[in-house]
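This report concerns only the one structure given below.
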Amino acid sequence: MNKPHPVQVIAVSGGKGGVGKSNVSVNLAIALAEKGRRVVVLDADLGLGNLDVLLGVTAHKNLHDVLSGECDLKDVLVDGPGGIKIVPASSGTQRMTQLSPMEHAGLINAFSELGDQIDVLIVDTAAGISESVVSFLRAAQELLLVVCDEPTSITDVYALIKLMNRDYGTDRFRVLANQVRSEEEGKHLFEKLTRVTERFLDVALQYVGILPYDEAVKKAVQRQRAVLEAYPRAKASIAVRALADKVDSWPLPSSPRGHLEFFVERLVEV
């Protein structure tokens, strides 16, 4: 029997809100789809989901309906720009922010039914370091942390790294500098972060580059479009494609790590 192909699962996180996580998630997804990958983006901000609004797509069902047993996960998939699919979260539903560990596990396991139709799952996490955020981060194989050149962004990303490292043993993180003016500024920002982590934690941070500050991103958001789709030749779009080239070369997981993971059955030898 053929072993099913593993799915690349990337959680995009950043501690505080406003650092551009959702924009990174969506545009990275489109850039990977341009390379022929079948990509799904999960809006993992369960109580304040906004990916459908960001992209101007209409979601008739969402994760709340999956958890309440009204439909399967495949029934809530929405077509997004560039051939990507989106799993919308509910918005303004407090109940979704208070899921039990069991319900989180059920949600993560529900993705198994999509396994044959997907190459990459991008998990756009909520802001902060709630139990919900942590459970999605632990279930992903790659953690892509988005950081901006603001003291609060750096301290929040550090807090997230510290929590994941001390409490869950995660020791590898990839870091993207967002909304920076230059490559030098991005590297300087990464160095600031590594200085703190090297002093207090035993972790490996890998710098994956920058997404430059670009007015086109703001314009695209106002138009409810992804910048890659609305302004394909913008600086930000070119940088996202360069990021997608790197992501596409990351090694795929080959075995489970011993805790709850997306698509874990694809990592177990059949």
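Where a number appears in this text, it was derived from the coordinates with a stated rule and is not lab data. Just so you know, these numbers come straight off a predicted model, no measurement behind them. Note that we place each Cβ from the backbone using ideal geometry, even for glycine, and neighbour counts take in every protein chain shown.
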Other-chain or far-sequence residues with amide H under 5 Å of L48's (modelled H):
G92
Counting only DSSP beta bridges with both residues in the chain, what percent are antiparallel, rounded to the nearest 5?
10 percent
For the range 179-256, size of Cβ-based charge dipole, Lys and Arg +1, Asp and Glu -1, in debye
360 debye
Quick one: Cα centre-to-centre distance for the range 68-108 and the range 145-164, in angstrom?
26 Å
Work from the charge dipole of the chain (Cβ charges, +1 for Lys and Arg, -1 for Asp and Glu, about the Cα centre) and give the residue of L114, L137, G69 farthest towards its positive end.
L137
List nothing, just return the count: lysine pairs in the chain, 8 or more apart or interchain, with Cα separation under 18 Å.
18
For the range 132-137, in order, what is each residue's ³J(HN,Hα) by Karplus, 6.51 cos²θ - 1.76 cosθ + 1.60 with θ = phi - 60°, in whole Hz (x at glycine and Pro)?
4, 4, 4, 5, 6, 4
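State to the nearest 20 debye the size of the charge dipole of the range 1-65 about its Cα centre, where the only charges are +1 on K and R beta carbons and -1 on D and E beta carbons.
Values: 7 positive and 5 negative charges, 62 e Å.
Result for the range 1-65 is approximately 300 debye, rounded to the nearest 20.
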In terms of the alpha carbon gyration tensor, root eigenvalues a ≥ b ≥ c, rounded if a/c is under 1.5 and otherwise prolate when a/b exceeds b/c or oblate, the range 81-240 is oblate
For the range 33-57 and the range 186-252, what is the centre-to-centre distance using only Cα atoms, to the nearest Å?
17 Å
With an 8 Å cut-off on Cα pairs and a minimum separation of 6 or more residues, tell me the relative contact order of the chain in percent.
27 percent
Taking θ as phi - 60°, what are the ³J(HN,Hα) couplings along the range 111-117 by the Karplus curve (6.51, -1.76, 1.60), each to the nearest whole Hz, with x for Gly and Pro?
5, 4, 5, 8, x, 7, 10
I want to check the label-to-label distance for E191 and Y168. Put each point 7 Å from Cα in the C-beta direction and report it in nm to one decimal.
3.1 nm
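If I take R0 = 25 Å and measure r between the Cβ atoms of E113 and W250 in this structure, what FRET efficiency does the formula 1/(1 + (r/R0)^6) give, to the nearest 0.05?
Working: r = 25 Å, r/R0 = 0.98.
Computed FRET efficiency for E113 and W250 comes out at 0.55.
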Going by how many other beta carbons lie within 10 Å of each one, how would you line up S182, S254, fewest first?
S254, S182
Given Cβ point charges of +1 (Lys, Arg) and -1 (Asp, Glu) and nothing else, what value in debye, to the nearest 20, does the dipole of the chain about its Cα centre take?
580 debye
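Kindly give the semi-axes, whole Å and largest first, of the ellipsoid equivalent to the chain, taking each as the square root of 5 times a Cα gyration tensor eigenvalue. Numbers along the way, then the final one.
Numbers: eigenvalues 135, 101, 69 Å².
Each semi-axis is the square root of five times an eigenvalue, giving 26, 22, 19 Å.
Ratio of alpha-carbon Rg to the 2.2 N^0.38 Å globular estimate for the range 1-112, to two decimals, please.
On the way: Rg = 14.2 Å, N = 112, 2.2 N^0.38 = 13.2 Å.
This ratio for the range 1-112 stands at 1.08.
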Once label points are set 7 Å from the Cα along Cα→Cβ at both V53 and S100, what is their separation, rounded to one decimal in nm?
3.1 nm
